[in-house]
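Engineer: Dropping a structure here in structure tokens format, bear with me for questions.
The values are calculated or read from the model by the stated rules, or taken from the named source; none is laboratory data. Because the structure is a prediction, the values reported are computed rather than measured. In this analysis, Cβ positions are derived from the backbone assuming ideal geometry, glycine residues included, and neighbour counts consider all displayed protein chains. Just so you know, the surface numbers come from the protein's heavy atoms only, side chains and all, with ligands and any DNA or RNA stripped out. Shrake-Rupley method; radii C 1.70, N 1.55, O 1.52, S 1.80 Å.
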Amino acid sequence: MAIHLYKTSTPSTRNRTVDSRVKSNPRNNLIYGQHRCGKGRNARGIITAGHRGGGHKRLYRKIDFRRNEKDIYGRIVTIEYDPNRNAYICLIHYGDGEKRYILHPRGAIIGDTIVSGTEVPIKMGNALPLSAV
């Protein structure tokens, strides 16, 4: 569970690191296939806009932006890569057995506990509703 440093064999591998704590296999009930049929094609399916073809197939992760699990503590289980945004996401296991994805709070590590509600302590990862401010 550390940061892997690569030996420099080409200029592209210079200063490259990989964090082994970040996983990339998502939970099946929190993802679904995103319909992406555009990519610069017209009604016949022929590419008309240049430089728009190809790309890797991506699955959409359902992110809990509302954080409406009030006063239930959750634990950060994994930190995962999300191909649809330039931020990492966290898998949270709540105390009532529910599992959800949230955006990764800066500084949060695996094993931290988070909670959302009106009377929660102010710390990284906790969510306070706007009406309570």
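Engineer: Return the total of residues in the range 100-133 being on the phi > 0 side of the Ramachandran plot and exposed (fewer than 14 other Cβ atoms within 10 Å of the Cβ).
Structural biologist: So the count comes out to 2.
Engineer: Further question on the same structure: Please tell me if Ile110 is modelled with pLDDT of 90 or more and part of a loop (DSSP other than H, G, I, E, B).
Structural biologist: When the stated conditions are applied, Ile110 passes them.
Engineer: Mind telling me which of the residues Lys39, Lys7, Lys23 ends up being within 21 Å of the chain's Cα centre (by Cα) and either at pLDDT below 75 or of a type outside the set (Phe, Trp, Tyr) (or both)?
Structural biologist: Selected residue: Lys23, the only one of Lys39, Lys7, Lys23 that is within 21 Å of the chain's Cα centre (by Cα) and either at pLDDT below 75 or of a type outside the set (Phe, Trp, Tyr) (or both).
Engineer: From the set of residues in the range 42-58 that are loosely packed, with under 11 Cβ neighbours inside 10 Å and among the charged types (D, E, K, R), which is modelled with the highest pLDDT?
Structural biologist: Arg44
Engineer: Follow-up question, since we're still on this one. Name the residues in the range 85-99 that are closer than 14 Å to Asp64 by Cα, more than 8 Å from the chain's Cα centre (by Cα) and open to solvent by 50 Å² or more (accessible area, probe 1.4 Å), would you?
Structural biologist: Correct list: His93, Glu98, Lys99.
Engineer: Restricting attention to the range 63-73, does a residue exist that is surrounded by 11 or more Cβ atoms within 10 Å (Cβ to Cβ), among the basic types (Lys, Arg), in contact with a strand residue (DSSP E or B) (Cβ under 7 Å, 6 or more places away or on another chain) and within 22 Å of Asn28 (Cα to Cα)?
Structural biologist: yes
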